[in-house]
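K.L.:
Here it is: the structure, laid out below.
The values are calculated or read from the model by the stated rules, or taken from the named source; none is laboratory data. Please read these numbers as outputs of a predicted model, since none were measured by experiment. Here the Cβ is made from the backbone with ideal geometry for all residues, glycine too, and neighbour counts use every protein chain on show.
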Amino acid sequence: MLTAVLLLILLPPMVAQDLCKDSTDGFKVRLSIKTALGDNAYDWNESEMFLFQSTLAFAMRRHTEQDTYNIANILVCNNTPRVSFVFVVTSPDDPTKLIPKEQVEEAVRKSKHRINSAFLLSDMTLEFIGIPPTLATPITYDTPPWLIVFGVVIGAVAVGILALLMSTVSKRRRAKNKDAGFAEEDDGRVKENGTALSSLGGKDGVYNQAFSNDDRFTQL
Amino acid sequence: MDTASEASSAQDRPKWDNKVQYLLTCIGFAVGLGNVWRFPYLCQIYGGGAFLIPYLIALVFEGLPLLYLELAIGQSLRKGSIGVWHSISPLLGGVGVASMFLSFLVGLFYNMILAWVLWYFFHSFEEPLPWSRCPVNDNNTGYVEECVLSTPVNYYWYRQTLNISPDIEQSGSLQWWLVLCLASAWSIVYICFIRGIETIGKAVYVTATFPYLVLTIFIVRALTLPGATDGLRYLFTPDWTLLMDPQVWLDAATQIFFSLSLAFGGLIAFSSYNPKKNNCERDAVLVGCINSATSLYASIPIFAILGFKATSNFNSCVDGNILDLTNAFDIADKNITSENYQNWLTYLNSSDPDKVSSLNLKHCDLQNFLDQSASGTGLAFIVFTEAVTEMPGSQVWAVLFFVMLFSLGLSSMFGNLEGVLTPLLDLHMVPKWMPKELFTGLICVLSFLVALIFTLGSGNYWLEIFNSYVGSVPLLVIAFFEIIGVVCFYGMKQFSDDIEHMTGRRPNLYWRVCWMGISPLMLLVVLVAYVAVQVQKHPTYPTWDPKYENFPESEVKPYSDWVFAICVLLSSVPVLSIPIVAVYRLIRRQTRSQTGTGYPNPYSNRAFAPDAQTESFKAL
């Protein structure tokens, strides 16, 4: 009698253990808490396992949209100090039947971010062996940032080139105007040909003191 | 030349605003990308501190004499390279033509490197840096395979920057992003060149000094990184046995030669804008010593950062092994650390050796990682960019690094382009109606169009060809003819007189011995040895081929015949102008002396006929 009672009490967990250990529908989970959190790492204990089971049940509920999943449906075994373990999900209608691997994978994938956040971990530190993490979609820009920098640089250079060319052109034009203007000033009086003598100014010329009009001594 | 036309040409010829601009321009021309990415590599592979001995010997006996020679003839003859050599001897006019041709070809590929630097610079503002991680493939299931097999920095350089084709035969198409970068590089060069040395002189205040500032910042940052001392020790530990290897001496001589940017004609052009009485001896010694000092100064942060990178790689390697062991044996997280890794490994190996060997743990050796040396574009765009991603605040360091590379290259481009423009302007090959700005712009546009071959899929392979064949043997040949030309054709006495007129004293024994004996001999030996070494090995080139079975190792392929023919042409055509012009002038001279009435004698005055009266007077 006693054995029968004992068997009855121990059977479900044993069956559960068998379901978990022998099944091919289970996933191995690996957590690297110390790597992720360093000094703020928490210890892995029964309560944390309880949280894990509840998040997984939540993931199944979310995916299948059945509110019948419970912690009892998540069976865990093969605990190691790593921290790693294997889990399987039983159907809420029939505890001896397991949910197929693909369904569990889809459920986990859908809620991976929520599961990660519950444990303050990331895709690298909370691994489901066999479920590759969905990579974040790369950010797509309307204009790639490098084109913006390129535009700024080439715009500045183009403005610089234009400014320098304009200043060279205007300098040349001013120099040409000065020459033309100079010639125009003398045009009014006498038709000069631009020789050095004409720039000395005045029709009277310059008095050359070396030449003396005094012809006292030149008479022979 | 009579004094009037001499005075007018002196007025027309542009001048430096002050001595500092001239010195900074020469230093900027000499200090280029090679100081940063070639000298540290040579130092590393040739036994660290021991390499400095052949390097300094080459500087003293080959570099400084040639540098002084170029600056002196430019300053005294006051013309660009073609004019100078024509003045020394019409037979040697070809030397100037060769210099000009060479400056043009080197300028083409050098600016392509600057275009790559600009591309990386534009991307250095992105968060995270695009070369730090692999891109995700199309359906978001994983990373791009080519990137996973190699590394993110390699993938970024070969695929996303160059989009390189598997070999040189397959040209691929023009990569539009590289065309844009090349256009910006040439525009920046043009804006600095627009008014000749007026604008260059202002630009070099920034481009010549900024690299020193960045190098100092990098030294301070690099020395605080973990593993920096390992890198520095590795760099400077001398290995004296390597001095027996003649290859070391050859590389030291060529490094000094190429580092000082001799034989381009740019230095001659720059010094031709100097006032006649300027101490070019002091300038030459200053520029030469600053160039070598910069090489040494640059190798310190480079090697500190390479040491840091080697240490990071080593730590990742060990961490990877630790993770494998932890996962396989389900040991608690963080129980195995890098300190007790060895103990754990021996313990696990003794308890379960099969499982350990099945993990295929990598063998991590710091020395291996330190030995991974790189030079050239590999150092800048692969090794250094990887190191930068691991430094905190990577964007800042990336931006600083690439702006420094751009300044270094831009100041060298000034010399290259000057070596092309000044001879053309001096020969009055520019039509009168064309302003100088337009001519400069035309040269820039022409160079841009020809350089578009480097933006093809096979562009990098072509650039390597240009780099090895154009930028090596022709320069040595031209330099040899330069020194022979001055010593034999111009004459040491005339040259010493010119120098005395310019600097106030005749060149001392050291200079004369070098010019007349040591330097030409050294150049000849280096030239012959270099050609002999090149000829021995069949020319091959490394390729990046994702379909190669041993990818990511690069498959080494031989050059096909038509490519090799182009290589030979590139080496020989620039220097062919030397004999061609010499022969042409010799023939002209011969024909003139034979026919006799080549040029009319300006003094013959047929109006004067000696008549009998004057004859009789003479008799008296």
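K.L.:
Does the range B:535-553 hold any residues that are surrounded by 15 or more Cβ atoms within 10 Å (Cβ to Cβ) and under 26 Å from the mean Cα position of the chain (by Cα), and which are they?
P.N.:
Result: B:539, B:541, B:543, B:544.
K.L.:
Among the residues of the range B:526-538, are any assigned to a loop (DSSP other than H, G, I, E, B) and at pLDDT below 90?
P.N.:
For the range B:526-538, residues assigned to a loop (DSSP other than H, G, I, E, B) and at pLDDT below 90: present.
K.L.:
Please give the helices (runs of 4 or more DSSP H) falling wholly within the range B:329-415 in which 3 or more residues are surrounded by fewer than 17 Cβ atoms within 10 Å (Cβ to Cβ).
P.N.:
Qualifying helices (runs of 4 or more DSSP H): B:341-351, B:353-358, B:366-371.
K.L.:
Would you say residue A:168 is over 30 Å from residue B:119 (Cα atoms) and under 24 Å from the mean Cα position of the chain (by Cα)? Reasoning before the result, please.
P.N.:
Values: over 30 Å from residue B:119 (Cα atoms): yes; under 24 Å from the mean Cα position of the chain (by Cα): no.
For residue A:168, the condition - over 30 Å from residue B:119 (Cα atoms) and under 24 Å from the mean Cα position of the chain (by Cα) - is not met.
K.L.:
Does residue A:84 satisfy being surrounded by 17 or more Cβ atoms within 10 Å (Cβ to Cβ), assigned by TED's automatic domain parsing to the domain that holds residue A:125 and under 35 Å from the mean Cα position of the chain (by Cα)?
P.N.:
Yes; evaluated as a whole, the condition is true for this residue.
K.L.:
Output the number of residues of the range B:489-511 satisfying the condition of being of a type in the set (Ser, Thr, Tyr) and in contact with a Ser or Thr (Cβ under 9 Å, 6 or more places away or on another chain).
P.N.:
Going through the range B:489-511, the residues of a type in the set (Ser, Thr, Tyr) turn out to be B:490, B:496, B:503, B:510.
Filter once more, so that each one left must be in contact with a Ser or Thr (Cβ under 9 Å, 6 or more places away or on another chain): B:490.
Count: 1.
K.L.:
Quick check on this structure: which one of B:193, B:218 is buried (at least 19 other Cβ atoms within 10 Å of the Cβ) and either within 30 Å of residue A:169 (Cα to Cα) or within 14 Å of chain A (Cβ to nearest Cβ) (or both)?
P.N.:
B:193
K.L.:
Looking at (1) modelled with pLDDT of 85 or more; (2) more than 23 Å from residue A:132 (Cα to Cα), can you tell me which one residue A:79 breaks?
P.N.:
Single failed check for residue A:79: (2).
K.L.:
Name the single residue, out of those in the range B:447-484 being outside any helix (DSSP H, G or I) and at pLDDT below 90, that is nearest to residue B:159 (Cα to Cα).
P.N.:
Our first condition is that a residue be outside any helix (DSSP H, G or I); within the range B:447-484, this holds for B:456-458, B:471-472.
Filter once more, keeping what is at pLDDT below 90: B:471-472.
Values: B:471: 27, B:472: 29 Å.
Only one residue tops the list, namely B:471.
K.L.:
When you go through B:213, B:180 one by one, which is the residue that is under 30 Å from residue B:418 (Cβ atoms), away from chain A (no Cβ under 14 Å), touching a helix residue (DSSP H, G or I) at 6+ places or on another chain (Cβ under 9 Å) and assigned to a helix (DSSP H, G or I)? Can you show your working first?
P.N.:
Values: B:180 fails: away from chain A (no Cβ under 14 Å).
Residue meeting the stated conditions: B:213.
K.L.:
Quickly run through the range A:122-157 and pick out the residues that are part of a helix (DSSP H, G or I) and either in contact (Cβ under 8 Å) with a residue 24 or more places away in the chain or more than 7 Å from chain B (Cβ to nearest Cβ) (or both).
P.N.:
Looking only at the range A:122-157, we keep the residues that are part of a helix (DSSP H, G or I), and these are A:145-157.
Once the filter is applied, which keeps residues that are part of a helix (DSSP H, G or I) and either in contact (Cβ under 8 Å) with a residue 24 or more places away in the chain or more than 7 Å from chain B (Cβ to nearest Cβ) (or both), the range A:122-157 yields A:147, A:148, A:151, A:152, A:155, A:156.
K.L.:
Hey, could you check the range B:123-132 for residues that are within 10 Å of another protein chain (Cβ to nearest Cβ) and surrounded by 14 or more Cβ atoms within 10 Å (Cβ to Cβ) and say which is modelled with the lowest pLDDT?
P.N.:
Filtering first and then ranking leaves B:126.
K.L.:
May I ask you to list the residues in the range A:15-66 that are of a type in the set (Lys, Arg), more than 14 Å from chain B (Cβ to nearest Cβ) and farther than 22 Å from residue A:111 by Cα?
P.N.:
Answer for the range A:15-66, where residues must be of a type in the set (Lys, Arg), more than 14 Å from chain B (Cβ to nearest Cβ) and farther than 22 Å from residue A:111 by Cα: just A:21.
K.L.:
May I ask you to verify whether residue B:227 is buried (at least 21 other Cβ atoms within 10 Å of the Cβ), away from chain A (no Cβ under 14 Å) and more than 30 Å from residue B:520 (Cβ to Cβ)?
P.N.:
Yes, satisfied.
K.L.:
Please go through the range B:440-451 and give me each residue that is over 20 Å from the mean Cα position of the chain (by Cα), buried (at least 16 other Cβ atoms within 10 Å of the Cβ) and more than 13 Å from every other protein chain (Cβ to nearest Cβ), ordered by number.
P.N.:
B:443, the sole residue that qualifies.
K.L.:
Oh, and also: Considering only the range A:34-71, how many residues are within 23 Å of residue B:331 (Cβ to Cβ) and surrounded by 14 or more Cβ atoms within 10 Å (Cβ to Cβ)?
P.N.:
Residues meeting the conditions: 9.
K.L.:
Taking the range B:148-176, which residues are within 13 Å of chain A (Cβ to nearest Cβ) and within 30 Å of residue B:560 (Cβ to Cβ)? Even if it seems obvious, please write down each step before you answer.
P.N.:
So in the range B:148-176, the residues within 13 Å of chain A (Cβ to nearest Cβ) come out as B:148, B:156, B:160-161, B:176.
Scanning the range B:148-176 gives B:156, B:160, B:161, B:176.
K.L.:
Let me ask something else about it. From B:519, B:577, B:572, grab the single residue that is of a type in the set (Ser, Thr, Tyr) and at pLDDT 90 or above.
P.N.:
Details: B:577 fails: at pLDDT 90 or above; B:572 fails: at pLDDT 90 or above.
B:519 is the lone residue from the list that is of a type in the set (Ser, Thr, Tyr) and at pLDDT 90 or above.
K.L.:
For the range A:100-117, indicate whether the set of residues that are within 14 Å of chain B (Cβ to nearest Cβ), among the β-branched types (Val, Ile, Thr), surrounded by 17 or more Cβ atoms within 10 Å (Cβ to Cβ) and not in a loop (DSSP other than H, G, I, E, B) is non-empty.
P.N.:
Within the range A:100-117 (the criterion being within 14 Å of chain B (Cβ to nearest Cβ), among the β-branched types (Val, Ile, Thr), surrounded by 17 or more Cβ atoms within 10 Å (Cβ to Cβ) and not in a loop (DSSP other than H, G, I, E, B)), the answer is no, since none of the residues qualifies.
K.L.:
Quick one: count up the residues across the range B:539-576 that are in contact with a strand residue (DSSP E or B) (Cβ under 7 Å, 6 or more places away or on another chain) and either hydrophobic (A, V, I, L, M, F, W, C) or in a strand (DSSP E or B) (or both).
P.N.:
8
K.L.:
Let me ask you something else. Being more than 30 Å from residue B:539 (Cα to Cα) and away from chain A (no Cβ under 14 Å) narrows it down to one of B:204, B:144, so name that one.
P.N.:
Being more than 30 Å from residue B:539 (Cα to Cα) and away from chain A (no Cβ under 14 Å) holds for just one of B:204, B:144, which is B:204.
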